[in-house]
Amino acid sequence: MLRKINNNLQFKKSSIPYMLLFPLLILYILPLCISMLLILVQSLGFIPGLGLNELTLSYYMKAFCDDAFGSAFFFSMGCSTICSIIAVVLGFFIALLLSNSKRKGILQDILQIPILIPHFTAAFMMFLLLSQSGIASRIMGSLNIISDQSFFPQLVLDKLGLGIMITYIWKEVPFCALVIFASMKNIDDSLKAVSNSLGASKIQYIKYVLLPLCMPTMLNTFIIIFAYNFGAFEVPYLLGPTHPKTMAVLGYISYIAPNILVRPYTMALNVIITFMSIVLIFIYIKTLDSIKALEGQI
Amino acid sequence: MRKFISIIIVMILIVPVLALLLWSFSEMISWPKLLPDEFSLRIWSDLIKSKELLKSIITSILISMGVAIVVLFISMPAAIALSQFEFKGKKIIWFLIFAPLIIPSVSTAIGMHILYLKAGLTDSMLGVVLAHIIPTIPYSVKILSFSLELIGKGMREQSEVLGASMLQTIVYIYLPNLKPAIILSSILVFIVSFSQYLITFLIGGGLIKTLPIMLFQVIQNGNRAEVSSYSLVFIISALIATYFIERILGKNIDGKYMINI
Amino acid sequence: MMKHLEIQEIVKKYNGKPVVNHVTFDMNLGEFVSILGKSGSGKTTILKMIAGTIEPDSGGIYLLGKEISRVPTQKRNIAMVFQEYLLFPHLNVAQNIEFSLKVRGIEKNERTKRMFELLELVQLGGMEKRFPHELSGGQKQRVAVARALISKPDILLLDEPFSSLDFNLRNEMCSFIKSIQRETKTTTIMVTHDREEAMKISDRIVIIDEGNIVQIDTPKGLYNNPTNMFTAEFMGDVNILKREEEFSYMIRPEAMSVSSFRKEGFNKSKVVEKTFLGSSIHYKILWENTFLNISGMNNSEEYSLGQEIYINLPDEKIIKVKHC
Ligand SMILES: Nc1ncnc2c1ncn2[C@@H]1O[C@H](COP(=O)(O)OP(=O)(O)OP(=O)(O)O)[C@@H](O)[C@H]1O
Ligand SMILES: [Mg+2]
């Protein structure tokens, strides 16, 4: 059967990769590009269906002038940067622990649990643990450390975004640990023997050999989880304060708002969020690169 | 010391799950008690009788299986093209493949919603499956092309020299040799799709009720016992489904194609 | 008579740099030609262009007069054994050997029959159920050859087929391949960087350096009558007698006659270095300000360090070569 198809088709060699990419093009690249384009066009105020036919930048102006927007930007950026850095750093240490322990089976299996759990469920779990009526507060209450749940610090729905960050960290540290551990496994064991024979202590080996070799993976992981945390709406929607909101929550709420005339404003907001995300990632990549270059000189 | 740290980590990971378990058996626990006065099976017996829940599990599994299959058919040839051939525009394709990891999911979801409204694909299972392609492709293509790079170009050239067409090479050579990567990527795609809320919510328009949609609803209602049991149902179904994906793929991707096709 | 295979002026560039540069040669039916060159000289690239896994930038490849350089690999009926064997790890020996018949839609019985013939030919009877990881290097090699030959290819291409075998096995496989090639009368091109291997096995040798053909001739022709310095040095030890603007004059060590006493036409020289090499002994001697290398058999007369000996350089053995 395969042979017949084969005989009827003859292609120039250089066209083969493009044919292989055809399904991707039709089912992925085109929808992705078109939907991004639609957002862009609508954000410029062009929605014929609503009688909006003029191209204008006014919706961007409006977005930038909005107070909520500025605080949302700093809130999103702060939360996602802090928790992504913590997740990657903790991930590195757990990966170290994994690569040093003999019975890594159990720990490795258990690390996969949070990966199976979606972010919004994780958010709920953190709520169960950390809200004022949560388990942590009950433990403190039972031990008579606090006499009433209202004395328990507000960790979820708080202005600082602690609940959001704790959820992200709980969910993403295991992911980072497993990814970094996988890249550690690829590092030749003999490197350890060599550096030991050169007189490096264990900590020096980690600092001068292991860490630099894992660095590219850690940077990639950081970028991936940062981008997710910056752009996802579920966790901050469930665990974040009413003010400030994150950019993603702002974008979502504005989209489901019943007033359809705010549509172009919503789209402008989304274009800005996307743009910010890309710019931030670009800046992080550049900064991290220059830090690496600097380290190289020392 | 090391053991101590390991235990702490395991605790931190497991305690939230145990909390779910505890709450799913309790109607009400007054502060500051940790355990309920009496354990109750009411929530679970309601759940088991719930037709709606069963339906949403089935919907979720069907959709995510569908996504896993479609994504495999898209990403397998794409990964071969990207890892085995040199061609113009490769960098752009890679960039586009990773784009969903960078573009905020809120924006892609909204963009897809507008597009699908225009295309008349909203409110349907098909629409949801097609929409889930976007967030899952990066993982799948990356995993497959990584393995393909390890296999190298030689295997393909050898197969061609022996007279095999591209299609034959894929079926006879790549599929069996990529088995672990295909299993891994399918499981990951399944889980990512299984956990999607926003895209399903927008494209499905509330008509396609997957587990995450139900779960999000009960979370917003805020009954702890109910949310806990739904969350456990979600985790258990994800576990069972991934187990079966592994079994099914493990059995069927095999050298025995060699004899049959 | 029509040539079986003609390669005309093929060029392949990577990043603007020619890796194969206007290569031209042809082959008769049943001929065994080796392509000999250093690592990175473009040998594999030439083979892959003939096999069709790489398209040449320009030039033509003709099989029985028909231009094939744009014909898809699958339709060329040219089999290639790659440098790294590339047995399919998930298929057993029988399935590996049958592969090209299977993808061509040959029915099962016929396939099995041919497979057993080939298995016999490469002397692996009884191993058809084994998997590649259960085979030794030489056995893998033979499976790869059997797999290539089963479709009765017009041309067989071998890319350094012995490079990953140890020395003894290499010799054995070398004569083995040659005998199979004779038996099947398959036109064969072998790539190698091992001069002795090429000389032992080939009807003709193509010497290539940095993508350019340096010389094509029979092994004997290349050794005795190199036209240029590169070939001369590549094919064996030489003593350079005189350098001029464009040409050099030189002689092979064994072409000189040596005597321990003065003779008519012999010149005086002195042994300055002596190396024992088992079956032979190498001497470095000083003759009129020139150092020469000569070798003597272990069972012939032995000279001692510092001894005066007399050498004769027959005019007809002196080679005149171009500088490259
Ligand atoms: N895909 C490629 N892209 C860029 N350069 C390449 C590519 N393939 C080969 N080359 C270069 O072309 C040159 C010739 O390569 P080729 O593999 O033909 O050498 P070779 O003679 O077979 O060497 P060896 O004896 O080591 O196998 C080398 O310098 C190699 O680096
Ligand atoms: Mg080579």
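The values are calculated or read from the model by the stated rules, or taken from the named source; none is laboratory data. Computed from a predicted structure; not experimentally measured. No Cβ is skipped: glycine too gets one built from the backbone with ideal geometry, and neighbour counts run over all protein chains shown. The protein model used for the area step is the full one, side chains on, heavy atoms only, and it has no ligands, DNA or RNA in it. Shrake-Rupley method; radii C 1.70, N 1.55, O 1.52, S 1.80 Å.
Checking each residue in segment C:174-230 for being open to solvent by 20 Å² or more (accessible area, probe 1.4 Å), in contact with a Gly (Cβ under 9 Å, 6 or more places away or on another chain) and within 16 Å of ligand 1 (Cβ to nearest atom) picks out C:HIS193, C:ARG195, C:ASP209, C:GLU210, C:ASN212, C:VAL214.
Scanning segment A:146-203 for residues that are acidic (Asp, Glu) and under 15 Å from the mean Cα position of the chain (by Cα) returns a single hit, A:GLU172.
Of the residues making up segment A:136-174, those that are in contact (Cβ under 8 Å) with a residue 60 or more places away in the chain, among the hydrophobic types (A, V, I, L, M, F, W, C) and surrounded by fewer than 20 Cβ atoms within 10 Å (Cβ to Cβ) number 1.
Specify the residue that is nearest to the chain's Cα centre (by Cα); the eligible residues are those in segment C:129-144 that are of a type in the set (D, E, K, R) and closer than 14 Å to C:PRO89 by Cα. This residue is C:LYS140. Being part of a helix (DSSP H, G or I) and of a type in the set (S, T, N, Q) is the filter here; which residues of segment B:42-57 pass it? Scanning segment B:42-57 gives B:SER45, B:SER56. Checking C:LYS113, C:LYS129 one by one, the residue that is loosely packed, with under 14 Cβ neighbours inside 10 Å, at pLDDT 90 or above and within 13 Å of chain B (Cβ to nearest Cβ) is C:LYS129 and no other. The test for being more than 10 Å from every other protein chain (Cβ to nearest Cβ), modelled with pLDDT of 90 or more, over 30 Å from A:ILE223 (Cα atoms) and surrounded by 14 or more Cβ atoms within 10 Å (Cβ to Cβ) holds for B:ILE57.
Residues in segment B:16-52 that are open to solvent by 50 Å² or more (accessible area, probe 1.4 Å) and either charged (D, E, K, R) or closer than 24 Å to A:ASP109 by Cβ (or both): B:LEU18, B:LEU21, B:GLU27, B:LYS33, B:ASP37, B:GLU38, B:ARG42, B:ASP46, B:LYS49, B:LYS51, B:GLU52.
Note on segment A:79-92: residues that are over 13 Å from the mean Cα position of the chain (by Cα) and surrounded by 15 or more Cβ atoms within 10 Å (Cβ to Cβ) total 3. Of all residues in segment C:38-59, those being of a type in the set (Gly, Ala, Ser) and within 13 Å of ligand 2 (Cβ to nearest atom) number 5.
Among the residues of segment B:73-90, those identified as at the interface with chain A (Cβ under 7 Å from one of its Cβ atoms) and open to solvent by 10 Å² or more (accessible area, probe 1.4 Å) are B:PHE73, B:PRO77, B:PHE85, B:PHE87.
Here is a yes/no grid of residues against (1) modelled with pLDDT of 90 or more; (2) open to solvent by 40 Å² or more (accessible area, probe 1.4 Å); (3) of a type in the set (Lys, Arg); (4) on the phi > 0 side of the Ramachandran plot:
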site	(1), (2), (3), (4)
C:GLU67	yes, yes, no, no
C:THR73	no, no, no, no
C:PHE82	no, no, no, no
C:LEU87	yes, no, no, no
C:ASN92	yes, no, no, no
C:GLN95	yes, no, no, no
C:GLU98	yes, no, no, no
C:ILE106	yes, yes, no, no
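Pairs linking a residue in segment C:148-163 that is more than 16 Å from ligand 1 (Cβ to nearest atom) to a residue that is among the basic types (Lys, Arg), with Cβ atoms under 6 Å and 6 or more positions apart or on different chains, are C:ILE150/C:ARG114.
Helices (runs of 4 or more DSSP H) fully within segment A:202-277 that include at least 1 residues being more than 8 Å from chain B (Cβ to nearest Cβ) and surrounded by fewer than 21 Cβ atoms within 10 Å (Cβ to Cβ): A:202-205, A:211-231, A:247-256.
Among residues of segment C:31-51 being more than 16 Å from the chain's Cα centre (by Cα) and more than 11 Å from ligand 1 (Cβ to nearest atom), the one that is surrounded by the fewest Cβ atoms within 10 Å (Cβ to Cβ) is C:ILE50. Does C:LYS113 count as free of Cβ contacts under 8 Å to residues at least 12 places away in the same chain and either more than 16 Å from ligand 2 (Cβ to nearest atom) or not polar (S, T, N, Q) (or both)? Against the criterion (free of Cβ contacts under 8 Å to residues at least 12 places away in the same chain and either more than 16 Å from ligand 2 (Cβ to nearest atom) or not polar (S, T, N, Q) (or both)), C:LYS113 qualifies. Counting only residues that are away from ligand 2 (no atom under 16 Å from the Cβ), among the polar types (S, T, N, Q) and not in a helix (DSSP H, G or I), segment C:159-181 holds 0 of them. Of all residue pairs spaced 6 or more apart or on separate chains, those with beta-carbon atoms under 9 Å, a first member in segment B:138-157 that is within 14 Å of chain C (Cβ to nearest Cβ) and a second member that is open to solvent by 70 Å² or more (accessible area, probe 1.4 Å) are B:SER147/B:PRO180; B:SER147/B:LEU184; B:GLY152/C:GLU84; B:GLY154/C:GLU84. Contact map, segment B:164-188: first residue facing another protein chain (nearest Cβ under 9 Å), second residue surrounded by fewer than 21 Cβ atoms within 10 Å (Cβ to Cβ) and of a type in the set (Lys, Arg), Cβ cut-off under 8 Å, separation 6 or more or different chains; pairs are B:SER165/A:ARG3; B:GLN168/A:ARG3.
If you filter segment C:1-30 down to residues that are within 16 Å of ligand 2 (Cβ to nearest atom) and surrounded by fewer than 21 Cβ atoms within 10 Å (Cβ to Cβ), you find that the one that is farthest from the other protein chains (Cβ to nearest Cβ) is C:VAL19. Among the conditions (1) part of a strand (DSSP E or B); (2) on the phi > 0 side of the Ramachandran plot, C:LYS152 misses just one, which is (1).
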